[in-house]
Amino acid sequence: MSRQKGFSLLELLVAMMILAVLGTLGFQQIRKHTAQARYLKAKDDMQVVADGLAQYYLKHGRYPDFSNFAAMVDGSSALVKESLIKTNMSVSDPFDQPYQGQSNPHTYTLTCQGDPNDPEDHGPFTMTPDQGLSLGGGQAAPAAGAPAVDKKEDPAPKGK
């Protein structure tokens, strides 16, 4: 009996199904990591401006007056002229939404709206000099230079 060489239709369909499942899983992971990278880029951009504002405060004893984020990163702003932030910073976050911010001599507020497609994992966040980075859920990261607080209580002192 002669046997034909090659693959059956069923074998080809099974192989294509396996490739489709692996491709779908891979694509989802790529999208997840891309969104995470964009979110981290937004945090980095905001931190650069926050650091520039802090350096301006240390140098002049007050924050500069800015009505919006675009004024902060404009080429003619005091932060750029004094080389406190990098030039040509974008006024939009990596999700193509505008950064928001303002400052006065006493304080500043910087806000990013986060990923509009995934507000739970990559939601809005705000930076202020008082609380550092505040995430959308009301969680706050310690301000730059703030000592870490250990909330564990010390055990009773041991006798000598």
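The values are calculated or read from the model by the stated rules, or taken from the named source; none is laboratory data. Since the model is a prediction, treat every value here as computed from it, not as a measurement. With ideal geometry, Cβ positions are generated from the backbone for all residues, glycine too; neighbour counts draw on all protein chains shown. When the accessible area is computed, the model is the full protein with side chains, heavy atoms only, and any ligands, DNA or RNA have been set aside. Shrake-Rupley method; radii C 1.70, N 1.55, O 1.52, S 1.80 Å.
A compact table of results
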quantity	calculated
Two-site FRET efficiency, ALA20 against SER90, from Cβ-Cβ distance with R₀ of 35 Å, rounded to 0.05	0.40
Using θ = phi - 60° and Karplus 6.51 cos²θ - 1.76 cosθ + 1.60, couplings along the range 18-29 (whole Hz; Gly, Pro as x)	4, 5, 5, 5, 4, x, 5, 4, x, 5, 5, 5
Under the Karplus curve 6.51 cos²θ - 1.76 cosθ + 1.60, θ = phi - 60°, whole-Hz ³J(HN,Hα) for the range 62-77, x wherever Gly or Pro sits	7, 8, x, 8, 9, 8, 7, 5, 4, 5, 5, 9, 4, x, 9, 6
With every protein chain in place, the range 34-85: carbon and sulfur % of accessible area (1.4 Å)	49 percent
Potential lengthening between HIS106 and GLN47 on full extension [0.36 nm per residue; Cα-Cα distance subtracted]	19.4 nm
Å² of accessible area per residue within the range 1-120, as computed with a 1.4 Å probe and no ligands counted	69 Å²
MET16, MET127, reordered so the largest accessible area comes first (probe 1.4 Å)	MET16, MET127
